[in-house]
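Worksheet: the structure to be examined is printed underneath.
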Amino acid sequence: MSSLTQPVNNNQLRADAVLEGGGIRGIGHVGALTVAEEKGYSWVNVAGTSAGAFVAAMMAAGYSAKEMYGIMKDEVDFHRFAQDRGFSGFFLGEAINLLRHGGLHSGDYIVGFMKEKLGAKQKRKFGDLVVPGREHEPKDSKYRYGLIVIASDISSGRMLHLPQDVLQFGMDPDELDIALAVRMSASIPFFFIPVDQRNDKEHRDCRIVDGGLLSNFPVSIFDVQTKPSRPTFGLRLVDSLPIAECPWPINPTNNVFQIGQALLSTMLSAHDRLYMDDHTFVRTITVPVNGIYNIRGTISAPFNELRDSYNAFRCRKHGGIAGAYATMFAGT
């Protein structure tokens, strides 16, 4: 696990950040970012997948971690992510959505919420997120924009780095709507309706879904061949190793709907349990989530369940930046 030490001069206070996806558990990123910012770090380029894209977009727009914490606690209506009962109560409307559009829920709340919060900072399109001093870089440069969002084009089976890869669709990256890109990245298969995007170059429609399908933790996205001018920190959501008193949760698989939910949960959480090589490990901030579910499991009361996770975590005396998760929820 990476730990953040206090930099010795202001040149070291700037860093890039990559935020892993993980459904509702992505709230935990804000705690780690709070501690990093308390140590004086500020962000230049940020990238994220799914829930990580949600938080990264707000970072790129200029929200501090403390501001995001207040927004997550007081303004986000987590019930609205699933505007109906979804897998817990399969009704006709969801069945029609699934059969006709490929997903249970529209995801309109994500787009509306992001538009509101980004608009408050005067950030609506990626052209508003061009890094100062990078205005003359080509539009396919991974350093031109302060944000990169990861999504998956299932029509062609390729990963998308947004906004850069909309050039392949005959679009101007500067004109891509930030909230739409986040919605693309957060389109959990079958849970949210995929986003249809026209490819004018190939004269066809593409279906875009959750970036976690192809790259849930793209920590190497800002890597260079030479010595980097600033560090890149990866924020990764992890479960503690299972013990007899606290095993990993078992996904019920007794019917087709439970199997579908188990498949989604496995897709999103399996990444969290993979071995990290040394190159990735040393720059990764692990954010413990201790068995919190990715999708429906915490929508009803996410902060209560995340606080419970914190209480179990602090007893194990984890050190370093992983304690950011504890710091975030202590006293709330």
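The values are calculated or read from the model by the stated rules, or taken from the named source; none is laboratory data. None of these values were measured; they are calculated from a predicted model. Here the Cβ is made from the backbone with ideal geometry for all residues, glycine too, and neighbour counts use every protein chain on show. Ligands, DNA and RNA are stripped out before the accessible areas are found, and what is left, the full protein with its side chains, is counted by its heavy atoms. Shrake-Rupley method; radii C 1.70, N 1.55, O 1.52, S 1.80 Å.
Residues in segment 38-46: is at least one at pLDDT 75 or above, crowded, with 16+ Cβ neighbours inside 10 Å, touching a His at 6+ places or on another chain (Cβ under 6 Å) and part of a strand (DSSP E or B)? No, the conditions are met nowhere in segment 38-46. Condition test on Phe190, is it aromatic (Phe, Trp, Tyr), modelled with pLDDT under 90 and touching a strand residue (DSSP E or B) at 6+ places or on another chain (Cβ under 7 Å)? Yes, satisfied. Within segment 114-150, if we keep just the residues that are aliphatic (A, V, I, L, M) and under 12 Å from Gly62 (Cβ atoms), the residue that is surrounded by the fewest Cβ atoms within 10 Å (Cβ to Cβ) turns out to be Ala120.
Mind checking which residues of segment 175-190 are open to solvent by less than 30 Å² (accessible area, probe 1.4 Å) and over 17 Å from the mean Cα position of the chain (by Cα)?
Scanning segment 175-190 gives a single hit, Leu176.
Conditions tested, residue by residue: (1) assigned to a helix (DSSP H, G or I); (2) touching a Lys or Arg at 6+ places or on another chain (Cβ under 7 Å); (3) at pLDDT 95 or above.
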site	(1), (2), (3)
Ala53	yes, no, yes
Lys66	yes, no, no
Val76	no, no, no
Leu99	yes, no, no
Leu118	yes, yes, yes
Ile148	no, yes, yes
Ala151	no, no, yes
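Scanning segment 178-227 for residues that are more than 16 Å from His101 (Cβ to Cβ) and polar (S, T, N, Q) yields Ser185, Asn199, Ser215, Asn216, Ser220, Gln225, Thr226. If you go through segment 155-174 and keep only what is in a loop (DSSP other than H, G, I, E, B) and more than 19 Å from the chain's Cα centre (by Cα), you end up with Ser155, Ser156, Gly157, Gly170, Met171, Asp172. Restrict the check to segment 137-144 and report whether at least one residue is free of Cβ contacts under 8 Å to residues at least 60 places away in the same chain, farther than 24 Å from Ala32 by Cα and among the small types (Gly, Ala, Ser). Checked segment 137-144: at least one residue is free of Cβ contacts under 8 Å to residues at least 60 places away in the same chain, farther than 24 Å from Ala32 by Cα and among the small types (Gly, Ala, Ser).
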